[in-house]
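Novice: Have a look at the structure that comes next, please.
The values are calculated or read from the model by the stated rules, or taken from the named source; none is laboratory data. All values derive from a computational prediction rather than experimental measurement. Cβ sites come from the backbone with ideal geometry, for glycine too, and all protein chains shown count toward neighbours. Surface accessibility is based on the protein's heavy atoms, side chains included, excluding ligands, DNA and RNA. Shrake-Rupley method; radii C 1.70, N 1.55, O 1.52, S 1.80 Å.
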Amino acid sequence: MEQEMPDYETIRAAVVSEKWALEKVLACYSDEINRLAMVKKRQPDGSVKEEIDDDLRQTLILKLLEAIPQFPIEKE
């Protein structure tokens, strides 16, 4: 499912760490974060199961939150 990209005002608010805007950006990228955090784990019966690695998922979220304030926004 395609997520709607945040509008310019939301991105500007996220860059200055407005909580509501950060939550909106994280929601926008949640499917991609989950996809990137997917790992294959071998089961006792030898089959392979894909699941989300929660530690990796949290690391990806943290990296995104650290990168948002560095996003180049034109000053008014």
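Novice: Of everything in region 12-26 that's part of a helix (DSSP H, G or I), in contact (Cβ under 8 Å) with a residue 12 or more places away in the chain and open to solvent by 50 Å² or more (accessible area, probe 1.4 Å), which residue is farthest from Phe71 (Cα to Cα)?
Specialist: Of everything passing the filter in region 12-26, Lys24 is farthest from Phe71 (Cα to Cα).
Novice: Here's another thing I want to ask about it. Leu60 - would you say it is touching a strand residue (DSSP E or B) at 6+ places or on another chain (Cβ under 9 Å) and surrounded by 10 or more Cβ atoms within 10 Å (Cβ to Cβ)?
Specialist: no
Novice: Specify which of the listed residues (Met1, Met38) is modelled with pLDDT of 95 or more and either open to solvent by 50 Å² or more (accessible area, probe 1.4 Å) or touching a strand residue (DSSP E or B) at 6+ places or on another chain (Cβ under 8 Å) (or both).
Specialist: None of the others qualify; the one that does is Met38.
Novice: Given the criterion open to solvent by 90 Å² or more (accessible area, probe 1.4 Å) and in a helix (DSSP H, G or I), identify the matching residue among Asp55, Asp31, Asp45.
Specialist: Result: Asp55 is the single residue among Asp55, Asp31, Asp45 that is open to solvent by 90 Å² or more (accessible area, probe 1.4 Å) and in a helix (DSSP H, G or I).
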